[in-house]
Every structure is written in C-alpha cells, then in structure tokens.
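The values are calculated or read from the model by the stated rules, or taken from the named source; none is laboratory data. Just so it is clear, the model here is predicted, and its values are computed rather than measured. With ideal geometry, Cβ positions are generated from the backbone for all residues, glycine too; neighbour counts draw on all protein chains shown.
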Amino acid sequence: MSEGGPEHRLDPDRAASEALRRGDGPPEAVIDTRPYRRMIGAIGIGIAVVISAVLFITRGVGTIGIPPGQRLHWFVAPLATSTLKGDANLSPRCDPGHPNPRALNLCRWLTRRAPVVLGLFVPASGDCVRQIDAMQAVSRQLSRRSVQFAAVAVHTGRSSAATLVHSHHWTFPVAYDRDGALGEIYGVEVCPMVELATRGGIVKFRLTGDGWLSPPALAAKVRELVGAGRG
C-alpha cells in the first residue's frame, strides 16, 4: 500500500485465514475479538437479570402501594403552588386545629368526615399525569364534602410540580416529594397508582395501571368508595 493511500479495514476472519495460507505469521497474530465481546455482553445481561429477580423475590409485589384494609401513612408535604420548600415530614404531629395552608397534611384530612382519593405519580410518565387529569375530571363531579382529592408528585422539585399544576389546571391540593422518601413509604413501584381510603384513612381500593385513566371508570370506583363510607 502506497503512503497516503486509502485505508482499508480487513475482516478479522479473512485476515486470519490469509495469514495462515501465506505462512507468514502465527494464527494468534490476528485475533477476532467479536466472540469475546458477545460473551461479555451476554454475561452482563445475565447479571442484570439475576439482580432483577433477586429484587423481585425479596421485595415482592406486596410492597406496591398501601393494600386494602391497611391505613394510609400520615405525612405533611409542601404544596407545589406554595412558597414552602423542603422534604416531606413522614412523622408529623397531628394537629388539625392549626393547619398549614402551604402544606398537604394527610393527618388533618383523615380526621374529616369525608373519604380520601390520593394519587401518587411521577411527572416523567405520561400515563401518570393522565391519571391526575382523570382525578381532576372526577373531582369536578363530586362535592368536596363527599370526597377529598389530593396528589403527590414523587421525586420532583417544587418548580416542576407547580408547572404541571398550572398547565393542567388541577384545582385540588398537589404536594411534591423531593427526595422520594414518601414514595418509598407508599411503595410507588408502578404508575399510575391511586389510593382510595374511607374516613379515617383505611384503604378501600388500591388502583394501579392504566385501566383507571378513564374518568368514568375512576368515577364509578370513587362513588363506590363514598357509598361504602355511608353504609
């Protein structure tokens, strides 16, 4: 090849065969590394699958959300539309007589006479945001005296959550969980996820998946919740 001429990249398998035929170099002079790269990639995928399986077995699907029959965890979280900054308080003092207008105080809500519909969502997921839109549509159909709606944006800062509230015209309280600690306690592993709790915070229904993105389907479940509270 003349100096300055075009550079050609030989196929490693063909180069090895020609080297053997000419007898001008040992076989190991040209090594095809593709099988080794494929093997390393397969090992990496196998390790990832094993880790995922272990996490699934140890955590299990039972950690997703608060199951029916159990009580919602109390918390106080800053509202996205307020000036309050910080992380959610996961062990708050229940003081219904002195509410903070800049925070969502679930303890205070659970002392009221109405049941609670609580949505937990990740803003990066389109279906999660659509779930809160469905909650907004249903909340307009029902009196706030009969049911209370609220949502928490998990792993989200105040400005990002506030932008969603304003752009989607959500009128019920929307708090944000900046460090994700609240989402961890609530077992937010799937999205969308909505907890429907009777008065006092006992979960009646735990709704997960996109089957509840339809406002009519969600409204029927909320009305069933309200009816259960009256019974």
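Could you list all residues from the range 122-138 that are out of contact with any Phe, Trp or Tyr (no Cβ under 6 Å at 6 or more places or on another chain) and at pLDDT below 95?
Of everything in the range 122-138, those that are out of contact with any Phe, Trp or Tyr (no Cβ under 6 Å at 6 or more places or on another chain) and at pLDDT below 95 turn out to be VAL122, PRO123, ALA124, SER125, GLY126, ASP127.
Going by the structure shown, is ALA161 touching a strand residue (DSSP E or B) at 6+ places or on another chain (Cβ under 7 Å), under 19 Å from PHE75 (Cβ atoms) and of a type in the set (A, V, I, L, M, F, W, C)? Walk me through it before giving the result.
Details: touching a strand residue (DSSP E or B) at 6+ places or on another chain (Cβ under 7 Å): yes; under 19 Å from PHE75 (Cβ atoms): yes; of a type in the set (A, V, I, L, M, F, W, C): yes.
Taking the combined requirement at face value, the residue satisfies it.
Can you find a residue that is over 14 Å from ALA124 (Cα atoms) and over 19 Å from the mean Cα position of the chain (by Cα) anywhere in the range 191-198?
Looking for residues that are over 14 Å from ALA124 (Cα atoms) and over 19 Å from the mean Cα position of the chain (by Cα), one finds at least one in the range 191-198, hence yes.
Starting from the range 184-203, keep only residues that are farther than 10 Å from LEU110 by Cβ and assigned by TED's automatic domain parsing to the domain that holds PHE121, then list their pairs with residues that are among the basic types (Lys, Arg) and assigned to a helix (DSSP H, G or I) whose Cβ atoms are within a distance under 7 Å, requiring at least 6 positions of separation or different chains.
What qualifies is LEU196/LYS221.
Counting only residues that are farther than 14 Å from TRP74 by Cα, more than 12 Å from the chain's Cα centre (by Cα) and not β-branched (Val, Ile, Thr), how many does the range 169-190 have?
Residues flagged as farther than 14 Å from TRP74 by Cα, more than 12 Å from the chain's Cα centre (by Cα) and not β-branched (Val, Ile, Thr) within the range 169-190 amount to 7.
Only one of GLN131, GLN141 is surrounded by 18 or more Cβ atoms within 10 Å (Cβ to Cβ), assigned by TED's automatic domain parsing to the domain that holds GLY69 and either of a type outside the set (Gly, Ala, Ser) or in a helix (DSSP H, G or I) (or both); which?
Values: GLN141 fails: surrounded by 18 or more Cβ atoms within 10 Å (Cβ to Cβ).
Exactly one of GLN131, GLN141 is surrounded by 18 or more Cβ atoms within 10 Å (Cβ to Cβ), assigned by TED's automatic domain parsing to the domain that holds GLY69 and either of a type outside the set (Gly, Ala, Ser) or in a helix (DSSP H, G or I) (or both), namely GLN131.
Mind listing just one residue for me: the one in the range 70-115 that is over 20 Å from VAL147 (Cα atoms) and β-branched (Val, Ile, Thr) and, of those, farthest from the chain's Cα centre (by Cα)?
Ranking the candidates gives THR83 first.
So if I check each of ALA77, ALA114, which one is modelled with pLDDT under 90, hydrophobic (A, V, I, L, M, F, W, C), surrounded by 12 or more Cβ atoms within 10 Å (Cβ to Cβ) and outside any helix (DSSP H, G or I)? Full working, then the answer.
Details: ALA77 fails: modelled with pLDDT under 90.
The conditions single out ALA114.
Checking SER52 against (1) of a type outside the set (A, V, I, L, M, F, W, C); (2) in the same structural domain as ASP177 (by TED's automatic domain parsing); (3) modelled with pLDDT under 95; (4) under 22 Å from the mean Cα position of the chain (by Cα): exactly one of these is not met. Which one?
Exception for SER52: condition (2).
So which of ALA153, ALA181, ALA219, ALA175 ends up being in contact (Cβ under 8 Å) with a residue 40 or more places away in the chain, surrounded by fewer than 21 Cβ atoms within 10 Å (Cβ to Cβ) and within 22 Å of ARG102 (Cα to Cα)? Show your work before the answer.
Values: ALA153 fails: surrounded by fewer than 21 Cβ atoms within 10 Å (Cβ to Cβ); ALA219 fails: within 22 Å of ARG102 (Cα to Cα); ALA175 fails: surrounded by fewer than 21 Cβ atoms within 10 Å (Cβ to Cβ).
Unique residue meeting the criteria: ALA181.
Residue by residue through the range 117-146, note down the ones that are touching a residue at least 60 places away in the same chain (Cβ under 8 Å), more than 20 Å from the chain's Cα centre (by Cα) and under 19 Å from ALA228 (Cβ atoms).
Across the range 117-146, the qualifying residues are VAL138, GLN141, LEU142, SER146.
Which members of the range 80-101 meet the condition of being charged (D, E, K, R) and surrounded by 14 or more Cβ atoms within 10 Å (Cβ to Cβ)? Break it down into steps so the answer makes sense when it comes.
As a first pass, look at the range 80-101 and keep what is charged (D, E, K, R): 85, 87, 93, 95.
ASP87, the sole residue that qualifies.
Can you tell me how many residues within the range 114-148 are of a type in the set (Asp, Glu) and in contact with a Gly (Cβ under 8 Å, 6 or more places away or on another chain)? Show your work before the answer.
Taking the range 114-148 first, the residues of a type in the set (Asp, Glu) are 127, 133.
Checking which are in contact with a Gly (Cβ under 8 Å, 6 or more places away or on another chain) leaves us with none.
Going through the range 114-148 one residue at a time, the tally reaches 0.
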